[in-house]
Amino acid sequence: GAGVSQSPRYKVAKRGQDVALRCDPISGHVSLFWYQQALGQGPEFLTYFQNEAQLDKSGLPSDRFFAERPEGSVSTLKIQRTQQEDSAVYLCASSLGTVNQPQHFGDGTRLSIL
Amino acid sequence: RKEVEQDPGPFNVPEGATVAFNCTYSNSASQSFFWYRQDCRKEPKLLMSVYSSGNEDGRFTAQLNRASQYISLLIRDSKLSDSATYLCACTGNQFYFGTGTSLTVIP
């Protein structure tokens, strides 16, 4: 596809459920990033992949959050035992090369935990 | 201290006005700088990269001041369609975003 694709667009889950969010980056983009954005805030870094290697996961808020990119293209962000404070928009972005290059974002997944 | 600080605004300006946003960054080793535009309930979209010598794209001018560690965005002849949140970003180990500055252009 032409841009970064994320699914689902909206996800509602009950507290305690596990959720999985998918990101399909721009074809050929080496780097992939996950962000969490709360209302009125800028995107907060969660984790970063270069190809299949997870180079930085320092932004993941707890061990309930897990991300993978096993074949260096599609990535999944999994949140286990969701809590209300996990409600946010989760944005995925990709870039052609290193962290110093501009990133292109998907539409995001709006997650609501009831 | 956050890596990137931005005045959240809001900035409310009349059509045709010139408006400027600043953004300060804390890591002197940051290499790349960007401005993004984010419309309500949409994803951030790259507006422009910021180069050391300053750069212009139509009505938009971006500047970098490494000595004072800030970047700026100037919008001339504001249009109603410029209403959005403007996010600055810089790189270090990661990509760091500011909280965004809200701009509303009023008819």
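The values are calculated or read from the model by the stated rules, or taken from the named source; none is laboratory data. None of the values given here were measured: they were computed from a predicted structure. All Cβ positions, glycine included, derive from the backbone under ideal geometry; neighbour counts span all protein chains shown.
Please enumerate the residues belonging to the stretch B:56-107 that are among the aromatic types (Phe, Trp, Tyr), in contact (Cβ under 8 Å) with a residue 12 or more places away in the chain and within 14 Å of chain A (Cβ to nearest Cβ). Listed by number, the residues that qualify are B:Tyr86, B:Tyr96, B:Phe97.
Taking (1) more than 29 Å from B:Ser102 (Cβ to Cβ); (2) more than 13 Å from the chain's Cα centre (by Cα); (3) modelled with pLDDT of 95 or more in turn, A:Ser87 satisfies each apart from (1). Filtered by the rule that a residue be over 13 Å from the mean Cα position of the chain (by Cα) and closer than 22 Å to A:Trp34 by Cβ, the stretch B:7-39 gives B:Asn27, B:Ser30, B:Gln31, B:Ser32, B:Asp39.
For the stretch B:59-76, give me each residue that is surrounded by 19 or more Cβ atoms within 10 Å (Cβ to Cβ) and farther than 17 Å from B:Ser26 by Cβ.
Within the stretch B:59-76, B:Ala62, B:Gln63, B:Leu73, B:Ile75 meet the criteria.
Scanning the stretch B:58-74 for residues that are of a type in the set (D, E, K, R) and at pLDDT 95 or above turns up just one, B:Arg59.
When B:Phe21, B:Phe95, B:Phe33 are screened for being touching a Cys at 6+ places or on another chain (Cβ under 7 Å), surrounded by 15 or more Cβ atoms within 10 Å (Cβ to Cβ) and not charged (D, E, K, R), only B:Phe33 passes. The strands (runs of 3 or more DSSP E) falling completely within the stretch A:27-114 that include 2 or more residues that are more than 13 Å from every other protein chain (Cβ to nearest Cβ) and on the phi < 0 side of the Ramachandran plot map to A:65-68, A:75-79, A:109-113. Please work out which residue is farthest from the other protein chains (Cβ to nearest Cβ), limiting yourself to the stretch B:11-44 and to residues that are touching an Asp or Glu at 6+ places or on another chain (Cβ under 8 Å) and either β-branched (Val, Ile, Thr) or not in a loop (DSSP other than H, G, I, E, B) (or both). Of everything passing the filter in the stretch B:11-44, B:Thr18 is farthest from the other protein chains (Cβ to nearest Cβ).
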